[in-house]
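What follows draws every value from the coordinates through simple rules; no lab data is involved. Computed from a predicted structure; not experimentally measured. With ideal geometry, Cβ positions are generated from the backbone for all residues, glycine too; neighbour counts draw on all protein chains shown.
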Amino acid sequence: MSPILVVLIVLAVVVFFIIVLSVRIVRQSTAVVIERLGKFHRLLNTGIHFIVPFIDRAVGGPISLKERVADFAPQPVITKDNVTMQIDTVVYFQVTDAKLFTYGVENPIRAIENLTATTLRNLVGELELDGTLTSRDTVNSKMRIILDEATDPWGIKINRVELKNILPPKDIQQAMEKQMRAERERREAILKAEGEKRSNILVAEGEKESMILRAEAKKAAMIAEAEGQAQAIKMINDANPNPAYLTLKGYEALKVLADGNATKIVVPSEIQNVTGLLASLKSVVEKDEEKK
């Protein structure tokens, strides 16, 4: 093989490698920072790009622009009433500017973790224990605003901050459990008392309605009986009964009266006289009442 051919082959291989090194493909949702001779040159976004080999170089590899989740270890936090708790946080963030993310701060994740810990201590230090346990949403919102403002020069946007776990000391947890148990027992006693009260009210109302219905039924029966007697008397009067009928009724009245407690019955000599019969009945009744 001639020397000229060997040189051409070597040159072809070198050109091939130079072309390969000059082509840079950036994947979706990533960005690449390019430096030229140690100085920021440009930012490569999604797609195919050409760079100058040995002069341009990528800094730190592709940077993900997708939302990330950082779960930080529990941090000791002291509340306003001097209770030490362990609180761990979860931070959702996203790189919005790859250049600032590269040159803004050394080790951005570590910086976010330390900033989250100090911000959490400041916020919880203004709250008491009960306020910390019941104000998670407030603490989350304040932390997100503070962290987002602090990380903006780093090209990072804080989308969400969550307090994952709040762990008070064991003695505080036991006291809280006893308090919750006592509260549940109190609610149970109240519900039971209200149920018994309601039951007694319903029973009393039922008895009241029953008595009213019995009284109304008795009243209706007496009215019906009185109306029947009145109607019977009216029918007798309308029939214009003869003296024989009245005499027969007088005998029936005397029979009923004799079956009672009367000890003396005076019968008029002229039993046909209805007026005399009624007078005799009146005399017997009056004497009977005097004996009582």
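Numerical summary
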item	result
Listed peptides 71-77, 98-104, 182-188 by packing density, highest first (mean Cβ within 10 Å)	98-104, 71-77, 182-188
Whole-Hz ³J(HN,Hα) from phi, Karplus 6.51 cos²θ - 1.76 cosθ + 1.60, for the range 140-152, glycine and proline x	4, 5, 5, 5, 4, 5, 5, 5, 5, 5, 6, 8, 4
Total formal charge among the other residues, if their Cβ is under 14 angstrom from that of E216, Lys/Arg +1 and Asp/Glu -1	+3
Positive-pole candidate from F54, Q28, I4, dipole of the range 3-63, charges at beta carbon	Q28
Inter-site label distance for M235 and Q86 at 7 Å from Cα along Cβ, in nm	9.9 nm
Amide H within-cut-off set for E128, under 5 Å, with H built and near neighbours excluded	K80
For N140, net neighbour charge (Lys/Arg +1, Asp/Glu -1) across residues whose Cβ lies under 9 Å away	+2
Net charge of neighbours whose Cβ lies under 13 Å from the Cβ of Q86, counting Lys and Arg as +1 and Asp and Glu as -1	+2
Separation in nanometres of the label points that stand 7 Å from Cα toward Cβ, at A215 and N122	7.7 nm
Computed over the range 20-128, the ratio Rg/Rh where both radii use C-alpha atoms and Rh is Kirkwood	1.19
Hz values of 3J(HN,Hα) by residue in the range 175-184 - Karplus curve (6.51, -1.76, 1.60), Gly and Pro given as x	5, 5, 5, 5, 5, 5, 5, 5, 5, 5
Under-5 Å amide H pairs with I156, H placed in peptide plane, nonlocal only	T96
Packing rank of 134-141, 37-44, where each peptide gets the mean count of other beta carbons within 10 Å, highest leading	134-141, 37-44
Net length gained if the chain between L21 and R198 were fully extended (0.36 nm per residue, minus Cα distance)	55.0 nm
Length gained when the stretch D148-A175 is fully extended (0.36 nm per residue, less Cα-Cα span)	6.0 nm
